[in-house]
1. So what is the calculated 222 nm ellipticity per residue for the chain, using -39500 (n - 2.57) for each DSSP H run with n of 4 or more, over all residues, to the nearest 500 deg cm²/dmol?
2. Want the number for PHE20 to LEU79: 0.36 nm per residue separation, take away the alpha-carbon distance, what's left?
3. Would you be so kind as to identify which of GLY141, GLN22, GLN65 lies farthest towards the positive end of the dipole of the chain, taking Lys and Arg as +1 and Asp and Glu as -1 on Cβ and the Cα centre as origin?
4. Going by how many other beta carbons lie within 10 Å of each one, how would you line up ARG118, ARG144, fewest first?
5. Residue by residue through segment 152-162, what is 3J(HN,Hα) from phi via Karplus (6.51 cos²θ - 1.76 cosθ + 1.60, θ = phi - 60°)? Round to whole Hz and write x for glycine and proline.
6. What spacing in nm lies between the two simple spin-label points modelled at LYS47 and SER133, each 7 Å away from Cα in the Cβ direction?
7. How long, wide and thick is segment 3-98, going by the Cα atoms along their three principal axes, in whole angstroms, largest first?
8. Treating only the Cβ atoms of Lys and Arg (+1) and Asp and Glu (-1) as charged, compute the dipole magnitude of the chain about its Cα centre; round to the nearest 20 debye.
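What follows draws every value from the coordinates through simple rules; no lab data is involved. What you see is a predicted model, and the numbers here were worked out from it, not measured in a lab. For neighbour counting, all protein chains shown are included, and Cβ atoms are generated from backbone atoms with ideal geometry for every residue, glycine included.
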Amino acid sequence: MPDYLHARVETCYQQAEAFFQQPFARPEVSFKLRGQKAGVAHLTENKLRFNPQLYRENREDFLKQTVPHEVAHLVAHQLFGLKIQPHGEEWQLIMRGVYELPPNRCHSYAVQRRAVSRYIYRCRCPQGEFPFSAQRHALVGKGRRYYCRRCKVTLSYSGEQRRE
Ligand SMILES: [Zn+2]
Ligand SMILES: [Zn+2]
């Protein structure tokens, strides 16, 4: 797990302790969450899970918003127990009072499309350029042929790759 993330969790706890004038048990933190959610707080287990892909793609916002959002769930649980609403007034108080952040309920980021490799094929036409997917490029390797509809020439790999 990145040091920044760990340090941010600890800072959030120290802020909560200064604000409420009481100690809070530190959670177990894991960095193995996948999918759309940036983070999950497991209240009764006192555990935080964060999403490494979304962390890489949204680092600044993740440290600013996601970490205190999830820590606030655990702090609210330690203070008020299980009867409160997850994003109810107790949690909102911690977000606003301790972290001075707007209490946004959202846990997720739009997952960015992964960059994919394109293999550039050419024919004889002046602008004749055909970006092939890795799958199609592999089929050519197995003997499949593709032709330009205009110049009727077999498309051949130019040796160029592009990320898009
Ligand atoms: Zn939440
Ligand atoms: Zn052509």
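1. So the helix-based figure for the chain works out to -9000 deg cm²/dmol.
2. Result: 20.3 nm gained on full extension.
3. Farthest towards the positive end: GLY141.
4. ARG144, ARG118
5. So the Karplus estimates, Gly and Pro as x, are 6, 8, 5, 6, 10, 6, 7, x, 8, 10, 9 Hz.
6. Here the answer is 3.7 nm between the modelled labels.
7. 33, 24, 22
8. Once rounded to the nearest 20, the dipole reads 1920 debye.
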